[in-house]
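Below: one structure, written as structure tokens.
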Amino acid sequence: MALETALLAVDDLKASYNHAITALDGVSFNLARGEILALLGANGAGKTTTLKALSNLLPAERGQVVSGSIRFDGLDVVRTSPAALVRAGLVQVLEGRHCFRSLTVEENLVSGGLGRGSTRAQIAEDIEKVYARFPRLKEKRRAFSGLTSGGEQQMTAIGRALMSRPRLLVLDEPSMGLAPIVVQDIFRTLRLLNREEGLSILLAEQNSAVALKYAHRAIILENGVTVLAAEAHDLRGRDDIKSFYLGQRAVAPSIPAVAG
Ligand SMILES: Nc1ncnc2c1ncn2[C@@H]1O[C@H](COP(=O)(O)OP(=O)(O)OP(=O)(O)O)[C@@H](O)[C@H]1O
Ligand SMILES: [Mg+2]
């Protein structure tokens, strides 16, 4: 891939926690504008650490980038604050569908628009766009997020991220703990956002089946090292690769979503 088309370029990234535990030991990949890229790997492979590094969130976890580089649209991520990265269009939905549980769905969405200093009119417009993508959220707009289902909370977390008008949306395990039908619904919406609005997407998944169904390309991490990069369609159905690199949970068991 030509470098000038890369929206995100990660080069030989090494990172550790507490200046002791090596979590990443050579992660390299590019993400092109308009691409959906899946980051796959077994438990502890370094997916979350990679994503946190992209948003410069490792220092908050007593973690640090030891060497290598991350460039987002020309910005040196390691020297850019998490808030400035959001304003630049790199927005992350952390693992575990974080919502403000005691705020309503709509208040959660509003909170997503405040970070980038949107006006009231822009926020209202963006909320309607989110509701058009996730009609469930419109139905639940006045419900406290803590009382909505796991799928609705994930949609709220994604909707809140969309309120920041991202150019690159980063998602950590969006399928986790959700029923298969809800997972498909969420991934279909992500694909529409990609196709119709050109949103670039990077997602870490244990659920390689769903990730490979929707991604254009995938990279595989093993023990903090990128070991494989391939077109998603070349990896679909390659059970040998999945079982070798992704361990027993190549297809994550689906656990019924529980609010709370
Ligand atoms: N806050 C932390 N402090 C210390 N070590 C950590 C921390 N977070 C992760 N690690 C370690 O870093 C390595 C990579 O973990 P990471 O969470 O990035 O993997 P992952 O691929 O996201 O795994 P999972 O699929 O279980 O979410 C692991 O060895 C893990 O134990
Ligand atoms: Mg993780």
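Just so you know, all these numbers are worked out from the coordinates, no wet-lab data involved. Bear in mind the structure is a predicted one, so any value in this text is a computation, not a measurement. Here Cβ is always computed from backbone atoms with ideal geometry, including for glycine, and neighbour counts include all displayed protein chains.
Taking 0.36 nm per intervening residue step and subtracting the Cα-Cα distance, what contour gain separates Leu147 from Asn18 on full extension?
Details: separation 129, 0.36 × 129 = 46.44 nm, distance 3.63 nm.
So the chain would gain 42.8 nm between Leu147 and Asn18.
Here Lys14 is the anchor, and the aspartates and glutamates within straight C-alpha reach of less than 17 Å, apart from those fewer than 8 places off in the same chain, are Asp25, Glu61, Asp76, Glu222.
In terms of other Cβ atoms within 10 Å, Lys52, Lys129 run from fewest to most in the order Lys129, Lys52.
When both region 23-51 and region 120-161 are represented by their alpha-carbon centers, they are found 28 Å apart.
Counting other beta carbons within 10 Å of each residue's own, what order do Phe134, Phe29 fall into, fewest first?
On the way: Phe134 24, Phe29 21.
Sorted ascending by nearby Cβ count, the order is Phe29, Phe134.
Restriction of the chymotrypsin sites (Phe, Trp or Tyr not before Pro) in region 52-155 to DSSP coil positions whose beta-carbon has at most 16 other beta-carbons within 10 angstrom yields Phe100. Taking the Cα centre of the chain as origin and assigning +1 to Lys and Arg Cβ atoms and -1 to Asp and Glu Cβ atoms, the resulting dipole is close to 660 debye.
Treat every Asp and Glu Cβ in region 80-167 as -1 and every Lys and Arg Cβ as +1, leave all other atoms uncharged, and give the resulting dipole magnitude about the Cα centre to the nearest 20 debye. Mind dumping the intermediate values first?
On the way: 15 positive and 8 negative charges, 20 e Å.
Dipole about the Cα centre, nearest 20: 100 debye.
Shape call for region 89-241 from the C-alpha gyration tensor, a ≥ b ≥ c root eigenvalues: rounded (a/c under 1.5), prolate (a/b greater than b/c) or oblate? Intermediate values should be presented prior to the final figure.
Details: a/c = 2.12, a/b = 1.76, b/c = 1.20.
Here region 89-241 falls in the prolate category.
Ranking of Ser81, Ser145, Ser164 by neighbouring Cβ atoms within 10 Å, starting from the fewest: Ser81, Ser164, Ser145.
Remark: the Asp76-Arg62 segment gains 3.0 nm on full extension, using 0.36 nm per residue and subtracting the alpha carbon distance.
Summarised in one figure, the compactness ratio Rg/Rh of region 36-152, Cα atoms and Kirkwood Rh, is 1.01.
One decimal place: the segment Arg33-Asp240 gains 71.5 nm when fully extended, by the rule 0.36 nm per residue minus the C-alpha distance.
GNM, the chain, Cα, under 10 Å: largest mean-square fluctuation among Asn18, Asn30, Asn108? Looking only at Asn18, Asn30, Asn108, the biggest GNM fluctuation is shown by Asn18. Computed 3J(HN,Hα) for region 84-93, one whole-Hz value per residue from the Karplus formula 6.51 cos²θ - 1.76 cosθ + 1.60 where θ = phi - 60°, is 5, 5, 4, 5, 7, x, 9, 10, 10, 9, glycine and proline marked x.
In deg cm²/dmol, rounded to 500, what helix-only [θ] at 222 nm does the chain give when every DSSP H run of at least 4 residues adds -39500 (n - 2.57) and the total is split over its residues? Please report the intermediate quantities before stating the final value.
On the way: 10 runs with 94 residues, N = 260.
Calculated at 222 nm, the ellipticity per residue is -10500 deg cm²/dmol.
Kindly give Rg over Rh for the chain, based on alpha-carbon atoms, with the Kirkwood expression for the hydrodynamic radius. It would help to have the intermediate numbers written out before the result.
On the way: Rg = 17.6 Å, Rh = 18.5 Å.
Radius of gyration relative to Kirkwood radius: 0.95.
Relative to the longest principal axis of the Cα atoms of the chain, the long axis of helix 105-114 makes an angle of roughly 70 degrees. Under the convention that each Lys and Arg Cβ holds +1 and each Asp and Glu Cβ holds -1, the size of the dipole of region 183-245 around its Cα centre is about 120 debye.
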